[in-house]
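The structure appears below as structure tokens.
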Amino acid sequence: MKKLLILLFSIFFLSSPSVFADDISDFQIEGISIGDSLLDYMTEEEILKEIEENKNTYYYLKEPYKYSEVYILKDFPTYDTVSVNIINNSPNKYVTNSNEKYSIISIRGIIRYIEDFDSCIQKRDEIVELLSETFPNTTTYESFSAHPGDPSGDSISDSIHFYNDSVMIGQVTCVNLEETFRIKNNWNDYLQVSIYSEEIISWLQGSL
């Protein structure tokens, strides 16, 4: 599932950096916001273990080890999976303040849906309404496409993207996988909510 999430996370970054909405940290996923210290949710030992486990996730970027993917391994009331990006502790040891070192700069939440695309879309639209209230100066557009992980073209992604000027600050996506493909890969249909900081988008553009 982690590889699938990373693929979805990286395919939408086609815009240029700009000024972000002032209230980007106001939106929370399971009480977690951009700018929080990851130490409020995990021990340093747990963080370092996740950094090591996911160290090659972004191998295709120009600076693949600049930031790290960390999955917050706990049970949440709403989301099945929550992951964040932080500055990679290993090549950035000059950052001595622990809170700064483990500052969250992007956050994603996943809710699993199995063969219930209508419910996924309903939940997506509820979250989109909340995001629209949180970021009133943004513009949105919907994209509907074949999921890139399925060569048959029968799996789909239906996304709402949030832009401030020309920069995407978030997206809410429902993924409906073709049943045979889903079972073969032991994956799930799911809803993904993502909020991004400017530095993460600039870094991910290194793959382009």
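The values are calculated or read from the model by the stated rules, or taken from the named source; none is laboratory data. Quantities reported herein were computed from a predicted structural model and do not represent experimental measurements. Note that each Cβ is placed from the backbone with ideal geometry, even for glycine, and that neighbours are counted across all protein chains shown.
One line per residue, one yes/no per condition, for (1) surrounded by 18 or more Cβ atoms within 10 Å (Cβ to Cβ); (2) more than 24 Å from Tyr79 (Cβ to Cβ); (3) in contact (Cβ under 8 Å) with a residue 60 or more places away in the chain:
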| residue | (1), (2), (3) |
| --- | --- |
| Arg124 | yes, no, yes |
| Ser132 | no, no, no |
| Ile160 | yes, no, no |
| Leu177 | yes, no, no |
| Thr180 | no, yes, no |
| Ser202 | no, yes, yes |
Here the residues within region 108-147 that are touching a helix residue (DSSP H, G or I) at 6+ places or on another chain (Cβ under 6 Å) and either over 15 Å from Ile195 (Cβ atoms) or modelled with pLDDT of 95 or more (or both) are Tyr113
query: Going by the structure shown, is Ser159 within 24 Å of Val70 (Cα to Cα), among the polar types (S, T, N, Q), modelled with pLDDT of 95 or more and within 15 Å of the chain's Cα centre (by Cα)?
result: yes
Subject >> Flag for Lys66 being among the charged types (D, E, K, R) and surrounded by fewer than 16 Cβ atoms within 10 Å (Cβ to Cβ) >> reply: no
With the first residue restricted to region 16-41 and required to be under 18 Å from Val128 (Cα atoms) and small (Gly, Ala, Ser), and the second required to be at pLDDT below 90 and assigned to a helix (DSSP H, G or I), Cβ contacts under 9 Å at 6 or more apart or on different chains are Ala21/Thr134; Ser33/Ile24; Ser33/Ser25; Ser33/Asp26
Of the residues in region 69-78, those that are free of Cβ contacts under 8 Å to residues at least 60 places away in the same chain and either surrounded by 14 or more Cβ atoms within 10 Å (Cβ to Cβ) or in contact with a Pro (Cβ under 8 Å, 6 or more places away or on another chain) (or both) come to Val70, Ile72, Phe76
How many residues of region 146-204 are in a strand (DSSP E or B) and of a type in the set (D, E, K, R)? The answer is 2
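Confirm whether Ile6 is modelled with pLDDT of 85 or more and closer than 26 Å to Ile156 by Cα. Before you say what the answer is, go through the steps one by one.
On the way: modelled with pLDDT of 85 or more: no; closer than 26 Å to Ile156 by Cα: yes.
Judged against the criteria, Ile6 is not a match.
Take the residues of region 59-87 that are within 13 Å of the chain's Cα centre (by Cα) and of a type in the set (Ser, Thr, Tyr): which is modelled with the lowest pLDDT? Before you say what the answer is, go through the steps one by one.
Initial filter on region 59-87 (within 13 Å of the chain's Cα centre (by Cα)): 68-72, 79, 81-86.
Add one more test, that the residue is of a type in the set (Ser, Thr, Tyr), and what stays is 68, 71, 79, 81, 83.
Working: Ser68: 91, Tyr71: 96, Tyr79: 95, Thr81: 95, Ser83: 96.
Of everything passing the filter in region 59-87, Ser68 is modelled with the lowest pLDDT.
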- request: Check whether at least one residue in region 123-144 is assigned to a loop (DSSP other than H, G, I, E, B), over 17 Å from Asp80 (Cβ atoms) and aromatic (Phe, Trp, Tyr), and report yes or no.
  value: yes
Going through region 22-55 in order, the residues found to be loosely packed, with under 15 Cβ neighbours inside 10 Å and more than 24 Å from Gln171 (Cα to Cα) are Asp40, Thr43, Glu44, Glu45, Lys49, Glu52, Glu53
